[in-house]
Amino acid sequence: MKALITPLLEMDGFNQISEAIRKQRTPIMASGVLSSQKCHLIHGLMEYHNRPALIITHNELRAKEILEDMQYFVKERAMIYPAKDIIFYSADVHSVDIMKQRFQVLEAVLMEKRPLIIATVEALLDRLVPKEIFRKYILSFSMGDQIRLDEMITKLVFLGYERTELVEGPGQFAARGGILDVYSITAENPVRIELWDDEIDSIRVMDPSSQRSIEKIDSTYVFPMGELVFEAEHIHKAAEQMQNEYEKISEHLYKKGLLEERERLEQYSKEIIEKLITQKSFHGMERFIQYFYEDTQTLIQYTEPTTMIFWDEPIRVGQKCENMMQEYDESIKNRIEKGYMLPSQAHMVFRYADILKSADSYDQILLSTLTQGTKDFNIRAIESFSVKSTDAYNQRIEFLEQQLCHFKQEKYRVLILAGSKTRGERLQRDLLQRNIE
């Protein structure tokens, strides 16, 4: 990858941005960069400063494009943090795949794997349990550890895991004799933990299809099945707050003669409070996080303090969030007025201003195709790049030949990237036949 980074080190714009990062004089804007060039610049800054990064963009399609480009540079370190649907949050049914993607990002961050995270601004609006509290609910298993199987079963149930006869999918566990099988939401395969009395005697990765061991490992850990983790006392606190809020709103609705809405809210509140007290864990609990924790955090606050934040077209990011929140506010207001939600649930997600505030202490680089100001950032400097997009040769070697001859005449250094080794060798052979070296 040095061949890709070295030319950047000779560019004034790159060096000025690097100096601003080194002296913590950001936000700084890099203008004139196109789609792929943005990823090249991000990779260069990550490698040069040896720091992790978070890329914030405006929609899922663009996030996937960035992922594809960044995987060329950093392989599996590039990860998308998918968004929940905030407009239909209360009715949203998240697939296991989306949960797994989100938790794999949290795992990479909390286990200090220094990932490159790509997220839409919508994904950052979710409220998360304070990082240090969430860490406490990650179960760790190592050879020689002492555990009580009955206590571990209770913990797994509390963390949202389902007890089954056989472990076949994420979120399941099985216990029999001195054996505990667990399929963590972040893992590719389940693990089998064998006990000798109360001591862990072996840990093996399992094949969920055959139920046979694949390999022996020294340690493993299991993540909760939900983003909202809590102690037993939090449940009673949350239920009490919901009950108090319901009673206050119920009286207000009664005085206004909104009896149908009052009845609907009563039914909704009783159902949620009963679920909290009896089930303690159920799907969709995250939408009540504000009743459990006063201080919640954004994904940004989960990342290392040295993380560099890259805003992909920041004006579009801000506009997208503004439009989305207008739609969200209208939707939530309508549900609250009709008694389908408690008023405090209007605050189940962060605002764009909260996202910007949580990013204040990080080095921020704004990537924009055009040079333009933005009201959301106090830009310290603008560095312009001159980037030209070349015409695709569409498998016609003569077009590529013309471009390469022009580049050589202008004394450019040229690096050609191919999709595979075979394709690269074929291209090299074709060019040599045309006396292009």
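The values are calculated or read from the model by the stated rules, or taken from the named source; none is laboratory data. These figures come from a predicted structure and were not determined experimentally. Glycine gets a Cβ as well: all are built from the backbone with ideal geometry, and neighbour counts include every protein chain shown. Protein only, heavy atoms only, side chains kept; ligands, DNA and RNA dropped before computing areas. Shrake-Rupley method; radii C 1.70, N 1.55, O 1.52, S 1.80 Å.
Structure notes:
- Filter result for residue 228 (part of a loop (DSSP other than H, G, I, E, B) and either open to solvent by less than 40 Å² (accessible area, probe 1.4 Å) or more than 30 Å from residue 346 (Cβ to Cβ) (or both)): yes
- Pair list, Cβ under 7 Å, 6 or more apart: segment 240-251 residue on the phi > 0 side of the Ramachandran plot and aliphatic (A, V, I, L, M), other residue assigned to a helix (DSSP H, G or I) and modelled with pLDDT of 90 or more: none
- Residue 24 falls short on exactly one of the conditions (1) open to solvent by 70 Å² or more (accessible area, probe 1.4 Å); (2) under 23 Å from residue 188 (Cβ atoms), and that condition is (2).
- Residue check for residue 250: in contact with an Asp or Glu (Cβ under 7 Å, 6 or more places away or on another chain), at pLDDT below 95 and assigned to a helix (DSSP H, G or I): yes
- Out of 17, 55, 5, one residue alone is in a helix (DSSP H, G or I) and under 13 Å from residue 310 (Cβ atoms). It is 17.
- Residues (open to solvent by 20 Å² or more (accessible area, probe 1.4 Å), at pLDDT below 90 and part of a helix (DSSP H, G or I)) located in segment 273-289: 275, 277, 278, 286, 287
- Out of 397, 416, 379, 332, sole residue that is in contact with a Pro (Cβ under 7 Å, 6 or more places away or on another chain) and among the β-branched types (Val, Ile, Thr): 379
- Filtered residues of segment 91-134 (kept if closer than 30 Å to residue 68 by Cα, outside any loop (DSSP other than H, G, I, E, B) and open to solvent by 50 Å² or more (accessible area, probe 1.4 Å)): 96, 97, 98, 101
- Counted residues, segment 150-183 - those being free of Cβ contacts under 8 Å to residues at least 24 places away in the same chain and open to solvent by less than 10 Å² (accessible area, probe 1.4 Å): 2
- Screening residue 189 on (1) of a type outside the set (A, V, I, L, M); (2) closer than 23 Å to residue 79 by Cβ; (3) open to solvent by 20 Å² or more (accessible area, probe 1.4 Å); (4) in contact with a Ser or Thr (Cβ under 8 Å, 6 or more places away or on another chain) shows it passes everything except condition (4).
- Of the residues making up segment 253-264, none is under 30 Å from residue 184 (Cβ atoms), at pLDDT 90 or above and either open to solvent by less than 80 Å² (accessible area, probe 1.4 Å) or touching a strand residue (DSSP E or B) at 6+ places or on another chain (Cβ under 7 Å) (or both).
- Residue, nearest to residue 318 (Cα to Cα), within segment 359-381, restricted to residues that are buried (at least 18 other Cβ atoms within 10 Å of the Cβ) and hydroxyl-bearing (Ser, Thr, Tyr): 368
- Selected residue (criterion: farthest from the chain's Cα centre (by Cα)) from residues of segment 247-294 that are closer than 30 Å to residue 157 by Cβ and among the polar types (S, T, N, Q): 267
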